[in-house]
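Input: a single structure, listed below in structure tokens.
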Amino acid sequence: MSVNPHWLRTLLSLALPVTLQTVLFSSKSMIDTVMLGQLNPLDMAALGLATKAQMIVSFCVIGVSVGGGQILAQCFDKQVNDKFIRAMLIMLGLAIGVGLLCAIGLAVFSRPIMSFGSTNSSIVEQGAQYLLIVSPTLMLFAIALTAATVLRTMYRPMPATVISFVGVALNIGLNILLIEQYGMKGVAFGTLIAAVIETLLLLGFVHWQRWFPIQKLVSIAATTSVSDSKVVANLSLIAALNSVIWSFGLYVFHALLGRTSDDLLIALGAMAPIESLTLALLIGFATAASIVIGNHSGQRDIQTIQALIPRYITLSLATGLLLSAALFAFKPMLIDFITGQALEREATANLALNVMLLSVSFKGLSMMFILGILRAGGDAKFCLWVDVLCQWGFLLPCTALFIYLNIRLEYILLLVVAEECLKISLCVLRLYFGDWIKVHADHINA
């Protein structure tokens, strides 16, 4: 079977809305950081550390959506069918359960979480308050992300993107109203209120479209077996475990670096939204590719998959190089944003930014290999082991060793680039020499 000549148009029709939604999601953090940083740099550091901790817990929910989305893509065949609805209901139930547990955990352990990442009492106190207030958003996030994943798999990603835009607008407005008077608490309450409204709007839209009549949902739910649930739960558990291990490793990496220098912690906190925005397009391409590859995997269309893979990889690499070049052109402005005009932090910020520019293309490639191709084809366990090996077997031990030996900071930061190169090498070997296409949708009843 030959590749659709409109493959790029198909990919872009999925990738651009997903990219915009990712940008909108990331911009919330950037807006909060900018507005809060104008009042107190330590609050900005606390927010950066708290949001990293929140991200770790959020990745439990994201993992459920990744695993469920993998099944949904394999079940979807140009239209909604009973198998697709069954997988969707299982995914929603799992997401709600995981979201509730994560919300409780984040609220109960907010102070120990912050204490792990910083010894500064002000940073710990402000960050703990923030985490306590925003913890209910994880439950809302679970529901909204499930709905957005379903829409993407149905090749209708734009509604979720538009509603995300509304959420960001609400967040900005609430920040204007609350942040000057309440500081970190204002940011937290603004995030919570915006999340409630955004989730209600998304659920209202899905209900209004009547893609999933209530009677149909009840009928399919009543006939869903334990074996059906195990298929989705197994993939979601692997993806959630993968996501949590990776995000926790990222948190440990930043915590190790933060203990060496408050200036570096502040720079990394300010750089986080910039990096998220930079990688948004690459994430969009990988997510779009995962839907297309998942669809073809479910149909066992191996020939088309093999033809699409080099196209997707080339596109991801070229885009990453262009993004790095664009960021380099705006480097002076970015340094000013990161340092907040504090000249003593300029050298640290310049070093961290240079490493980020170098790593963008490598990160885009590894995301395309892992998220866009291998996991979409059903090879979830391999993706888990690659992340564990590269991060916990290479990056973190080397980082701890380099810090202990007082090796220069630039070499420590360059370990991030080395980790991505190791991931890419392992993925290439898997693609060419491994059996990575597994049709899990076959194990769900129609």
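The values are calculated or read from the model by the stated rules, or taken from the named source; none is laboratory data. Keep in mind the model is a prediction, meaning the values are calculated, not measured. Glycine gets a Cβ as well: all are built from the backbone with ideal geometry, and neighbour counts include every protein chain shown. Just so you know, the surface numbers come from the protein's heavy atoms only, side chains and all, with ligands and any DNA or RNA stripped out. Shrake-Rupley method; radii C 1.70, N 1.55, O 1.52, S 1.80 Å.
For Trp211, the conditions (1) assigned to a helix (DSSP H, G or I); (2) under 30 Å from Asn295 (Cβ atoms) all hold with the exception of (1). Taking the condition under 24 Å from Glu420 (Cα atoms), crowded, with 18+ Cβ neighbours inside 10 Å, without any contact (Cβ under 8 Å) to a residue 60 or more places away in the chain and more than 20 Å from the chain's Cα centre (by Cα), does Leu327 pass? So Leu327 passes the test. Report yes if some residue within region 127-134 is in contact (Cβ under 8 Å) with a residue 60 or more places away in the chain, among the hydroxyl-bearing types (Ser, Thr, Tyr) and under 24 Å from Ile90 (Cα atoms); otherwise report no. The answer is no; no qualifying residue exists.
Restricting attention to region 9-30 and to residues that are among the aliphatic types (A, V, I, L, M) and open to solvent by 40 Å² or more (accessible area, probe 1.4 Å), the residue that is modelled with the lowest pLDDT turns out to be Met30.
Scanning region 150-162 for residues that are within 18 Å of the chain's Cα centre (by Cα) and open to solvent by less than 20 Å² (accessible area, probe 1.4 Å) gives Val150, Leu151, Thr153, Pro157, Ala160, Thr161. Restricting attention to region 394-421, which residues are within 21 Å of Ala267 (Cβ to Cβ), open to solvent by 10 Å² or more (accessible area, probe 1.4 Å) and hydroxyl-bearing (Ser, Thr, Tyr)? If the condition is that a residue be within 21 Å of Ala267 (Cβ to Cβ), open to solvent by 10 Å² or more (accessible area, probe 1.4 Å) and hydroxyl-bearing (Ser, Thr, Tyr), then Tyr411 is the only one that fits.
Evaluate the following for Ala270: is it part of a helix (DSSP H, G or I) and within 26 Å of Gly67 (Cβ to Cβ)? Here the answer is no, as Ala270 does not meet what is asked. Of all residues in region 8-22, exactly one satisfies the criterion of being closer than 16 Å to Gly294 by Cα and under 15 Å from the mean Cα position of the chain (by Cα), namely Ala15.
Residue-by-condition table, conditions (1) touching a Gly at 6+ places or on another chain (Cβ under 8 Å); (2) within 25 Å of Asp379 (Cα to Cα); (3) surrounded by fewer than 19 Cβ atoms within 10 Å (Cβ to Cβ):
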{"residue": "Lys52", "(1), (2), (3)": "yes, no, no"}
{"residue": "Val64", "(1), (2), (3)": "no, yes, no"}
{"residue": "Gly67", "(1), (2), (3)": "no, yes, no"}
{"residue": "Arg111", "(1), (2), (3)": "no, no, yes"}
{"residue": "Val124", "(1), (2), (3)": "no, no, no"}
{"residue": "Ala148", "(1), (2), (3)": "no, yes, no"}
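The residue that is surrounded by the fewest Cβ atoms within 10 Å (Cβ to Cβ), counting only those in region 353-393 that are among the basic types (Lys, Arg) and within 16 Å of the chain's Cα centre (by Cα), is Lys363.
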